[in-house]
Amino acid sequence: MHSSKHFIIITLLILLSLATAIARTAAEWRSRTIYQLLTDRFAQSPGNGNLQLCANNGGSNYINEIRHYCGGTFTGIIDKLDYIKSMGFNAIWISPVVKQFEKETKYGLGWHGYWAQDIYEINSHFGTADELKQLVAAAHARDIWVMVDVVANHMGPQQDLTPYTTEYLNAYTPFNKTNHYHDFCVIKDWGNDDEIERCCLGGDELPLPDINTENPQVIDIFYNWIKDLVREYNFDGIRIDTVKHVRKEFWSGFTAAAGVFSIGEMFHGDPSKVGEYQNYMDAVLGYPLFYNIISVFTNPFSDMGSVSRAVQSMRGAFKDVTVLGNFIDNHDVPRFLSRTQDRNLLKNALTFVLLTDGIPIVYQGTEQGFNGGDDPWNREALWPSNYTQSSDLYQFIATINKFRQTLPSSYFTSLSVEAWANDRIYAFFKDRALVVMTIYGTYDPMFSIQIKTNGLYNIGTELVNILNCAEKITVDNNGEVG
Ligand SMILES: *[C@@H]1O[C@H](CO)[C@@H](O)[C@H](O)[C@H]1NC(C)=O
Ligand SMILES: *[C@@H]1O[C@H](CO)[C@@H](O)[C@H](O)[C@H]1NC(C)=O
């Protein structure tokens, strides 16, 4: 009797500790570094997949294969968490986890997760709800936080059925009534914000039914759903899809219900338009900076001064630039190496996003030199790379990420200060670090610059090159380094 009572008490304690999950805030996320993965494309279950699937890029069936499931799973991610950890990442953004339609469309199936059929079920192609919980637990055991991608703007498309007929509506859970959706229209005028919020994405060919996020019943369903999803699976953050397609006020209640760090996808280049959304969620993806990065870092004949100016103009437009999600590419835009093959340019762009103000996000495959163009070519399966950790890009990212992890919290709360900006070279101070980037690329001329350190370091201080620790420069008697 005694021993069984003892057992019961221990069990209760374990349950309690599981129930009190820690809700991670924007302030805590600020110092994280995020690896973005698409569950279907990242890793298959060990010993239990078809590694040939989606592996023959250039093969005649490839385009068809990559518009369908390639076989990645939650268990596959668990098996490769150390690959992520060794690259120095301490957070992952995973693609949406909810059940998708199994019906064929002209663009294939919803393997990517943005075409929901039932928001309460887990996508069984990826595994079970328990396996998803195991993934989060396995990530937490390695101090990797998990951000889940969520969609509230639309549900999945059904080709060949007329929108909002009974047959069409009955297929959705829980949004199966006409008044759960906006009156049917398709976005035509991309300059019209009202149309962008009210009408369907996907064009006339494959409209994504646009949820009526003004309907109080819908609001109630979504706020409860996000609260339950985050708690049930113990997620640390949410990435919100298509935020500009829903009225802004909806997001305040949605992100409050989630109760964890939220970062939204506002796909636009104008800092003032994107910045507005930071009043409704913790952060947004750094699209304005992304456009600047691809115009400058992919082109040795551009002007690095414009990066410096972009960094400045962001500050006026955002409530807090230190939590913006910075990236050089993702699953929605052509990969960096499809714009230029010069890996030195890629390394300089990566240095910028990994160390500038904000939270870096690196998309799977960057570390293996993937160079796919626009959707679907940028959504390659990772397994053909054999997950090699010896590639120069993998090692490069690991070095900077590991440096980032040694930095004090003051690095992440302080803003960068321009140290140098001309056509080809841009340098900034941030906290105690000096970060220098160029767009010379593989054409690597001998150049020298003298940077005034403005009293940041004492005369005689040695600065160590983190890419080559044997290399040091000393602050001279004029307070300059060069
Ligand atoms: C509509 O969805 C609700 C909630 O999920 C469910 O109870 C109801 O049976 C559904 N109605 C139809 C016609 O499928
Ligand atoms: C991965 O391994 C396979 C089998 O050993 C090999 O044929 C292939 O070339 C490797 N791929 C890379 C990118 O190293």
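The values are calculated or read from the model by the stated rules, or taken from the named source; none is laboratory data. Computed from a prediction, not measured in an experiment: that's the story for all the values here. We place every Cβ from the backbone using ideal geometry, glycine too, and count neighbours over all the protein chains shown. For the accessible areas, the whole protein counts, side chains as well, though only heavy atoms, and no ligand, DNA or RNA atoms are used. Shrake-Rupley method; radii C 1.70, N 1.55, O 1.52, S 1.80 Å.
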message = Counting only helical runs of four or more DSSP H residues, what would the 222 nm mean residue ellipticity of the chain come to if each run contributes -39,500 (n - 2.57) and the total is spread over all its residues?
response = -9500 deg cm²/dmol
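Rounded to a whole number, what % of the accessible area of region 275-397 do carbon and sulfur atoms account for, probe 1.4 Å?
Values: 1640 of 3680 Å².
The value for region 275-397 is 44 percent carbon and sulfur by accessible area.
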message = Residues of region 290-315 with the amide nitrogen closer than 16 Å to a label point 7 Å from the Cα of Tyr443, along Cα-to-Cβ, please.
response = 296-304
inquiry  = Considering all alpha-carbon pairs of region 378-482, what whole percent are spaced by more than 16 angstrom?
reply    = 69
ask   = What length, rounded to one decimal in nm, is gained on full extension from Tyr62 through to Ser313, with 0.36 nm per residue of separation minus their alpha-carbon distance?
value = 86.1 nm
ask   = Among Asn292, Tyr172, Thr25, whose Cα sits farthest toward the positive end of the charge dipole of the chain (+1 at Cβ of Lys/Arg, -1 at Cβ of Asp/Glu, about the Cα centre)?
value = Thr25
remark   = Magnitude of the Cβ-charge dipole (Lys and Arg +1, Asp and Glu -1) of the chain about the Cα centre, nearest 20 debye, reported as 1240
inquiry  = Taking θ = phi - 60°, what integer Hz values does the Karplus form 6.51 cos²θ - 1.76 cosθ + 1.60 yield along region 427-439, in sequence order, with x for Gly and Pro?
reply    = 9, 9, 8, 9, 6, 9, 9, 10, 10, 10, 10, 9, 10
query = What residues have an amide H closer than 5 Å to that of Gly325, excluding those fewer than 5 places away on the same chain, when H is modeled at 1.01 Å from N in the peptide plane?
reply = Val284, Leu285, Gly286, Ile359
query = Under a plain spin-label model, where a point goes 7 Å from the Cα along Cα-to-Cβ, how far apart in nm are Lys103 and Phe184?
reply = 1.2
key: Amide proton proximity set for Ala91, modelled H, under 5 Å, gap of 5+   = Thr33, Tyr35, Trp145
Contact order normalised by residue count of region 116-218, Cα under 8 Å, 6+ apart, percent = 26
task = Would you please put 43-56, 184-197, 292-305 in order of how densely packed they are, using the mean number of other Cβ atoms within 10 angstrom per residue and starting with the highest?
result = 292-305, 43-56, 184-197
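Just the accessible area per residue of region 42-141, please: how many Å² with a 1.4 Å probe? Can you show the working numbers first?
Numbers: 3980 Å² over 100 residues.
So region 42-141 comes to 40 Å² accessible per residue, rounded to a whole number.
Taking the inverse of the average 1/r across all pairs of different Cα atoms in the chain, what Kirkwood radius in Å do you get? Don't jump to the answer; show the numbers that get you there.
Values: mean 1/r = 0.0420 Å⁻¹.
Result for the chain, one decimal place: 23.8 Å.
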remark   = Reduced to Cα centres, the span from region 317-365 to region 90-143 in Å works out to 24
inquiry  = Quick check: at a probe of 1.4 Å, how many percent of the accessible area of region 129-175 sits on carbon and sulfur atoms?
reply    = 45
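Return one whole number: the accessible area per residue of region 414-482 in Å², for a 1.4 Å probe. Present the calculation step by step, with values, prior to reporting the outcome.
Details: 4060 Å² over 69 residues.
In whole numbers, region 414-482 has 59 Å² accessible per residue.
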query = Roughly how many Å² is the accessible area per residue of region 239-294, as a whole number, for a 1.4 Å probe?
reply = 25
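Given the Cα-Cα distance of Glu232 and Asn48 and 0.36 nm per residue of separation, how much length would full extension add, in nm? All intermediate terms of the calculation are to be shown ahead of the outcome.
Details: separation 184, 0.36 × 184 = 66.24 nm, distance 2.72 nm.
Between Glu232 and Asn48, full extension yields an extra 63.5 nm.
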key: Protein accessible area in region 408-474, 1.4 Å probe - carbon and sulfur %   = 52
query = Using θ = phi - 60° and the Karplus curve 6.51 cos²θ - 1.76 cosθ + 1.60, what whole-Hz ³J(HN,Hα) does each residue of region 256-272 get, with Gly and Pro shown as x?
reply = 5, 5, 5, x, 10, 3, 10, 9, x, 8, 10, 7, 7, x, 8, x, 6
remark   = Pseudo-spin-label distance Gln450 to Val464, built 7 Å along Cα→Cβ, given in nm, is 2.8
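Given the Cα-Cα distance of Gln134 and Gln217 and 0.36 nm per residue of separation, how much length would full extension add, in nm? Show your work: numbers first, answer last.
Details: separation 83, 0.36 × 83 = 29.88 nm, distance 3.25 nm.
Length gained between Gln134 and Gln217: 26.6 nm.
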Relative compactness, region 183-289, computed as alpha-carbon Rg over 2.2 N^0.38 Å = 1.09
request  = Over 18 Å between C-alpha atoms is what I'm after, so list which of Lys85/Lys430; Lys319/Lys347; Lys273/Lys319 land there.
outcome  = Lys85/Lys430; Lys319/Lys347
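Taking the Cα centre of region 245-389 as the origin, how large is its charge dipole in debye, to the nearest 20, when only Lys and Arg (+1) and Asp and Glu (-1) carry charge on their Cβ atoms?
Charge dipole, region 245-389, about its Cα centre: 180 debye, nearest 20.
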request  = Under 14 Å from a label point 7 Å along Cα→Cβ of Ala171: give me every residue in region 129-158 with its amide N that close.
outcome  = 155-158
message = Can you compute the label reach from Ser306? Point 7 Å from Cα along the Cβ direction, backbone N cut-off under 16 Å, restricted to region 368-383.
response = none
